[in-house]
Amino acid sequence: MNHVITEKEKLQAPAGQQVSFESGNEMAAKAAAQINYHIMGYFPITPSTEIAQYLDQMKARGEHDIKLIPADGEHGSAGICYGAAVSGARVFNATSANGFLFMLEELPVQSGTRFPMVLNLVTRAVSGPLDIRGDHSDLYFALNTGWVILTASTPQAVYDLNIMALKVAEHHDVRLPVIVAFDGFFTSHQKRKVLSFKNREVVSEFIGERPTDFPNAVDKENPVTIGAHMNGDDLIHNNYQQSEAIYRAEKVFEEIQEAYEKLSGRAYPTIETYEMEDAEAAVFLINSAAETAKDVVDRYRKQGKKVGVISPNMIRPFPKEAVKQALKHVKAVLVGERADSYGAKGANMTLEIKAALQEMPGQQPVVLSRVYGVGGKDFYEQDAEVFFNEALEAAETPVAAKPFDYYGVHAGDSKKRLLPIIEPQHSGSYDSGLIKVTHDEVTGKLKVKVPPLRQLMNKPKRIASGHGACPGCGIFPGLELFFKGIEGDVVVLFQTGCGYVVSAAYPHSSHKQTFIHNLFQNGAATLSGTVEAFYEMKRRGEVEVGDDFTFVMVTGDGGMDIGMGSAIGTSLRNHGMIIVEYDNEGYMNTGSQMSYSTPIGHMTSTSNIGKAQKGKAFHHKDTPQIMAATNIPYVFTGTEAYPQDLIKKAAKAQWYAKHEGLVYGKLLITCPLNWKSEERYGQTIIKAAVDSCFFPLYEVEKGKTAITYNPEAKNKREPVSEWLKYLGKTKHLLKPENEAIYLEFEEEVEKRWNRLKAKHECEYL
């Protein structure tokens, strides 16, 4: 429901500030735009993706000058940001969960070489299993990176702390990168009334000029070596200097927040306390849960119960003295944490609070540790009541209190266990006996004979009905048609993406045969391990002699961007498996962001249309040609619009995977939701893509290219505009003012098609 800001609220706004109703992600983007960073290297991951989307929308409208650089994955985005930071630029990024872990290797590099930047960590559960909702399991991995960490409990705090974060990072006594962490979906997406400065000049003046006295890589008068190898004697001194800097950051932050309070009217001490002056029992909570707990404090205070809440605005450096001061009169404190430190009998904040309290003279408070709210499990007032009641009870009878426990765990009832709705399919179910593949020993090529399509319809589907794909989604029709050409049993691995998310949501599964999931960046490597383990166990006689599988990895939604390195490595090792990519031309599972498979000029949520930009700025990646260059036995393209062609290629793919090594296939599939097309035109759209030669059908068999459908030879060639006219995401390309982009796109399609024809005609190309 939209909140309407009243005229009274507008009039009550402090001078120079405006009232609005915004989410945490919107406020992070607004702060970044007002700061006007030089560079943002980014990669989409829920729930942080919106920050880049909002910034791209503003960029299209000409509201900031930030150079937004789409990376190939979070590891790449961290590299982009570090490279920009060493140049002396102001740098910004946002990420979540496994994306944060993927960039983790780069973070100590940046802090260890002392280059400032700001990273928004929109906290989310780290898989596995995969859960896209908010907890702090990613945040706790950040604690040892050497970055200053600020925590924002509200959208207002997200805005304010982002402004202060850059000033802290660039302070001459600190010179360290800073993380602003806030709760995924709780703070990132929920809208609240906020205040922001009307003019970016106020923000610019508060932050000050970009420091020019730091060493940087683009000062020709002062060349420097950045990141030289060190021995132990030197490294310990480097670490000591970094350690001293991060401890100085606490005082620097306090000074900066005092100045910001005078400017904005909002204070952010390192530790925020609520009704703690005479509290006997307290609850310590990070970020949004603290806001819920405050309402319970108000109610309990009316009942005469002396309780309070402690919530940090900074956790690195850990504000030890402020914590000690807040707890000096407390008998018991319950530390609630949205993540565990497995095996430590308490999560990270618990252990650090206990360590701080060891320095206090006299009787120390009882410290209880409770892991709660993981995977985005909601935290309500009644949950806060349980925490306060436990703390009050421990204050009275500390011996009876259980020091460490999980809260919100419910034992399952075996009588209510879920049973399979559809019987799994196995041995014999998928052997039609109708597909014949023969190998010509002389030519080295395969001959494939497939029956009429209707005869193959008796083969059961590999994926059951009941999945949650959008209406008109082309993933499963395309995959099922491909699987019609595969005989026998399969083991399938899906990388993260729409195909995975909608077909395997615990406790249900649409997969009738063995299914594995791993993340975008590691699917190919994972399945290659499965393949080699199976054949090694078979060689040792530990697997039944007659057992056999075809191993298939399914990727899509940009998985051949972030997962390209893994796929190339798997190809070079030439494992006996098939990689099938469903190409929907974007990161659709996170909301239709631009990927490297997005064609030039196409609109996505991070390649918006406006006066300052006209969709994606560069051409799409030609993945089949990249994979063919690794010299794997077989590469193909296919679509459901030409079923016989695809089934033949699937049969070939299976033969090569079983006899010679790795196969890669690319299927163009429709995504009506994000292509902004009508569901009924699915096959028409795909056929137009083929007939316009944007998506040619061909195969590369042992290095030799063969076009399997030539629309020119059949007199069916269409202009690219015949394909684009069906797509809402490209309608702007057909307007006269965008003719230059359209012509560039058309020229690239023609160039690739002519190159392909040349390869078809000459086997040595």
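Starting from residues that are within 26 Å of the chain's Cα centre (by Cα) and over 30 Å from CYS671 (Cα atoms), keep the ones in region 523-558 and report whichever is surrounded by the most Cβ atoms within 10 Å (Cβ to Cβ).
THR530
Going through region 53-87 one residue at a time, which ones are of a type in the set (A, V, I, L, M) and either outside any loop (DSSP other than H, G, I, E, B) or not assigned by TED's automatic domain parsing to the domain that holds LEU176 (or both)?
LEU55, MET58, ALA60, LEU68, ILE69, ALA78, ILE80, ALA84, ALA85, listed by residue number.
Being in a helix (DSSP H, G or I), in contact with a strand residue (DSSP E or B) (Cβ under 8 Å, 6 or more places away or on another chain) and among the polar types (S, T, N, Q) is the requirement here; does GLN683 meet it?
Working: in a helix (DSSP H, G or I): yes; in contact with a strand residue (DSSP E or B) (Cβ under 8 Å, 6 or more places away or on another chain): no; among the polar types (S, T, N, Q): yes.
Here the answer is no, as GLN683 does not meet what is asked.
For the list (1) over 24 Å from VAL118 (Cβ atoms); (2) assigned to a loop (DSSP other than H, G, I, E, B); (3) in contact (Cβ under 8 Å) with a residue 12 or more places away in the chain, I need the number of the one condition that GLU221 fails.
(3) is the only condition that GLU221 fails.
For region 60-80, give me each residue that is of a type in the set (Val, Ile, Thr) and either under 17 Å from the mean Cα position of the chain (by Cα) or farther than 21 Å from GLY615 by Cα (or both).
In the first step, residues of region 60-80 are kept if they are of a type in the set (Val, Ile, Thr); the result is 66, 69, 80.
Of everything in region 60-80, those that are of a type in the set (Val, Ile, Thr) and either under 17 Å from the mean Cα position of the chain (by Cα) or farther than 21 Å from GLY615 by Cα (or both) turn out to be ILE69, ILE80.
If you check LEU392, LEU418, LEU351, LEU368, which single one turns out to be at pLDDT 95 or above and in contact with a Pro (Cβ under 8 Å, 6 or more places away or on another chain)?
Within the list LEU392, LEU418, LEU351, LEU368, the selection yields LEU368.
Being touching a Ser or Thr at 6+ places or on another chain (Cβ under 8 Å), farther than 24 Å from ILE246 by Cβ and part of a helix (DSSP H, G or I) narrows it down to one residue among GLU50, GLU26; which is it?
GLU50
Any residue at all in region 476-492 that is loosely packed, with under 14 Cβ neighbours inside 10 Å, farther than 22 Å from TYR642 by Cα and in contact with a His (Cβ under 8 Å, 6 or more places away or on another chain)?
no
Return only the number of the condition from (1) under 20 Å from TRP147 (Cβ atoms); (2) β-branched (Val, Ile, Thr); (3) at pLDDT below 95 that THR270 does not satisfy.
Going through the list (1) under 20 Å from TRP147 (Cβ atoms); (2) β-branched (Val, Ile, Thr); (3) at pLDDT below 95, THR270 breaks only (3).
Taking LYS67 as the residue in question, decide whether it is out of contact with any His (no Cβ under 8 Å at 6 or more places or on another chain) and among the charged types (D, E, K, R).
Answer is no for this residue.
When the residues of region 452-475 are narrowed to those that are of a type in the set (Gly, Ala, Ser) and closer than 18 Å to SER509 by Cα, which ends up surrounded by the fewest Cβ atoms within 10 Å (Cβ to Cβ)?
Among residues in region 452-475 that are of a type in the set (Gly, Ala, Ser) and closer than 18 Å to SER509 by Cα, the one surrounded by the fewest Cβ atoms within 10 Å (Cβ to Cβ) is SER465.
Is it the case that some residue within region 738-756 is under 35 Å from the mean Cα position of the chain (by Cα), without any contact (Cβ under 8 Å) to a residue 60 or more places away in the chain and not in a helix (DSSP H, G or I)?
no
The values are calculated or read from the model by the stated rules, or taken from the named source; none is laboratory data. Owing to the predicted nature of the structure, the values given are computational and were not obtained by experimental measurement. No Cβ is skipped: glycine too gets one built from the backbone with ideal geometry, and neighbour counts run over all protein chains shown.
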